[in-house]
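Below is one structure, written out as structure tokens, with a few remarks after it.
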Amino acid sequence: MADFDVIVVGGGTGNNVAAAAADAGLDTALVEPGPLGGTCLNRGCNPSKMLIQAANAVNHVRDAERFHVDATLNGIDHAAVVDEMDDLLGGIAEDMEDRYREKDNLTLFTEYTEFVDERTLELAGETVTAEKVVVATGSRPIVPPIDGLDEIDYLTSQEALYLREPPESLVILGGGYIAVELGYVFQSMGTDVTIVEMMDSLVPREDADVATAFTELAAERHDVYTGHRVTAVEEHGDGHAVHAETADGRELTVEGSEVLVALGRRPNSDELGLEAAGIEIDDRGFIETNEYLETSAENVWAQGDVAGNALFKHSGDYETQHTVANVVHEERTAIDLSAMPHTIFTDPQIAGVGATEADLQDDDTEYVVGRADYSDSAMGRAKKLEHGFVKVLAAPDGEILGAHAIGDEASTLLHEAVLAMRHGLSVDDVAGTIHAHPTLSKVLEAAFREVTRQ
């Protein structure tokens, strides 16, 4: 007989699976060596967005003169911002742990674990078994083998988020969403920021028009070097020197008091003993799952970043609903990750869903484009928005293939397109919907209306 009905390994989105199992009367174990809440609450989206809001407040003061408001920025207490953030989020994690320790049918293990056999783990010095196991161990920053990197005190996002004093200067390796969000934060707080990216633009996974527009804007506030691969890092004076080169061999050296490695994330699968459990991974280390989130091992499921279906908190939350249905309630509910949105909280914000123009060209898919600029809208003029647009990609028959936005509140604006795509609405359905004037939603409406005129 198994020791537990369900063991959940990982206390990020996995904590909700464990809670649901315990509430259903199943004898449940939750294994999490760090604070509950996982990356998002403790080392990712929650702290980063709190820092970004502080950066936005700083920039609102700086921009006040554009609206004929006499305002002066007398100082930024960055340490107070970080301390408040740490107290709030740390308190949430502590409260969650207290509640879970008191929860009926739930045993919390605050330690690392690994599989030693099928549905069998090493916990508290003993071998523990379960009828069902859910792996939800998340991901961590990638630290590639760059020459000299292991010889300096570099930062990853985990450390950068909790710096109580902004560095004088910062060199960021990588130009993806983590790089540009933290670049925006530290530049706003007074740091000289340099970004080195191997691809030809920042945020290279975005639609090319969005990526190009953002790269041009970022270059106005940062030193941006695209098309450069970092080859070595070394200590230099009181800081560090980063060496990079282009594809044709042109060399570059930039300096900064700190170096931030923001080159993506990798799954936390390499120290779990998955082979002993019969759990297969792909060539990047992500646990392979089917549409029911089942792994190759019987009665073992995986969800969230470690499964690699989509490395977003909202996709992890969506997967959690299905894991609860399939594991706790023994249903057969398949996931559907179509129309999965993503957002980047820089200034301006970036958001996207569905195919990019490059995707459609690669697949030889026929499409039309609709585009509308923020500056042509009443609210855009009121807010004095000089940059930003919404771009819609659609099939000739009106099927929405993708939507992309860069601009003020793009993260919120895009959800109308997400809803339309998710439920099979057409371009005409969106374009024919009455949008309140003079909201920024009129920009999205205008982009859809342009598609209907083609």
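Listing for the model above:
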item: Residues of region 342-373 classified as among the hydrophobic types (A, V, I, L, M, F, W, C) and farther than 23 Å from L385 by Cβ, total; result: 4
item: Residue within region 255-273 that is under 30 Å from T129 (Cα atoms), modelled with pLDDT of 95 or more and of a type in the set (G, A, S) present; result: yes
item: Filter pass, T346 being in the same structural domain as L401 (by TED's automatic domain parsing) and of a type in the set (V, I, T); result: yes
item: Residue, surrounded by the most Cβ atoms within 10 Å (Cβ to Cβ), within region 185-224, restricted to residues that are touching a Pro at 6+ places or on another chain (Cβ under 8 Å), more than 14 Å from G407 (Cα to Cα) and of a type outside the set (S, T, Y); result: E197
item: Scope region 158-172; condition of a type in the set (S, T, Y) and more than 19 Å from V224 (Cβ to Cβ); matching residues; result: Y162
item: In region 326-337, the residues that are surrounded by 16 or more Cβ atoms within 10 Å (Cβ to Cβ) and of a type in the set (A, V, I, L, M); result: V327, V328, I335
item: Residue within region 247-263 that is β-branched (V, I, T) and surrounded by fewer than 16 Cβ atoms within 10 Å (Cβ to Cβ) present; result: yes
item: Matching residues, region 1-54, being within 23 Å of the chain's Cα centre (by Cα) and of a type in the set (S, T, Y); result: T13, T39, S48
item: Count of region 432-450 residues which are within 30 Å of the chain's Cα centre (by Cα) and crowded, with 16+ Cβ neighbours inside 10 Å; result: 10
item: Residue match in region 72-80 (condition: surrounded by 14 or more Cβ atoms within 10 Å (Cβ to Cβ), over 19 Å from E165 (Cβ atoms) and not assigned by TED's automatic domain parsing to the domain that holds T191); result: no
item: Region 96-117: number of residues that are part of a helix (DSSP H, G or I) and within 25 Å of the chain's Cα centre (by Cα); result: 2
item: Residue under evaluation R101, criteria (1) exposed (fewer than 15 other Cβ atoms within 10 Å of the Cβ); (2) among the basic types (K, R); (3) on the phi > 0 side of the Ramachandran plot, criterion not met; result: (3)
item: Any pair with Cβ under 6 angstrom, 6 or more apart, that starts in region 338-367 at a residue that is on the phi > 0 side of the Ramachandran plot and ends at one that is surrounded by 18 or more Cβ atoms within 10 Å (Cβ to Cβ); result: A339/V353; A339/V418; A339/M421; G354/L401; G354/G402; G354/M421
item: Complete set of residues in region 118-151 that are in a loop (DSSP other than H, G, I, E, B) and either more than 23 Å from N326 (Cβ to Cβ) or not aliphatic (A, V, I, L, M) (or both); result: E118, R119, A124, G125, T137, G138, I142, V143, P144, P145, I146, G148
item: Options F312, F345; residue that is crowded, with 22+ Cβ neighbours inside 10 Å, among the aromatic types (F, W, Y) and within 30 Å of L217 (Cα to Cα); result: F345
item: When residues of region 29-61 are limited to those that are among the polar types (S, T, N, Q) and either in contact (Cβ under 8 Å) with a residue 60 or more places away in the chain or not assigned by TED's automatic domain parsing to the domain that holds D98 (or both), the one nearest to G11 (Cα to Cα); result: T39
item: Residue within region 85-94 that is within 29 Å of A276 (Cβ to Cβ) and either buried (at least 16 other Cβ atoms within 10 Å of the Cβ) or within 20 Å of the chain's Cα centre (by Cα) (or both) present; result: no
item: Sole residue being in a strand (DSSP E or B) and modelled with pLDDT of 95 or more, chosen from V185, V203, V210, V193; result: V193
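Listed here are the residues, each with its yes/no results for (1) outside the structural domain of S257 (by TED's automatic domain parsing); (2) under 28 Å from L51 (Cα atoms).
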position: G91; (1), (2): yes, yes
position: M96; (1), (2): yes, yes
position: N105; (1), (2): yes, no
position: V128; (1), (2): yes, no
position: V133; (1), (2): yes, no
position: T156; (1), (2): no, yes
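The values are calculated or read from the model by the stated rules, or taken from the named source; none is laboratory data. Because the structure is predicted, anything quoted here is derived from the model rather than measured. Counting neighbours? That spans all protein chains shown, and the Cβs are built from the backbone with ideal geometry, glycine included.
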